[in-house]
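What follows draws every value from the coordinates through simple rules; no lab data is involved. On a predicted model such as this, the values are computed, not experimentally measured, just so you know. Cβ placement follows ideal geometry from the backbone for every residue including glycine, while neighbour counts extend to all protein chains displayed.
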């Protein structure tokens, strides 16, 4: 799989050390941009049965990613209400 390089620009300026999240309580997707260029992407999986345990696991994994990659900006997808899912929020 090849990664296409792109430049992320906000208000006309390149974004430095940005973590973008597509959150979910089981699999959270992420992309890391450094100096405006996509550097890496992946997913964080949490299989704990209890939602509280999953949220703690997600927090710990994201915190470790922030520290490892020296992230100083974070953006994430807004939630959406879906009529076909009873408890998606």
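Tabulated data
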{"item": "Footprinting exposure proxy for 51, 66 (fewest neighbouring C-beta atoms within 10 Å first)", "result": "51, 66"}
{"item": "Taking 63, 28 and counting other C-beta atoms within 10 Å, the order from fewest to most", "result": "63, 28"}
{"item": "Gain on full stretching of the segment that runs from residue 67 to residue 55 - 0.36 nm per residue minus C-alpha separation", "result": "2.5 nm"}
{"item": "Exposure proxy order (Cβ contacts within 10 Å, fewest to most) of 59, 54", "result": "59, 54"}
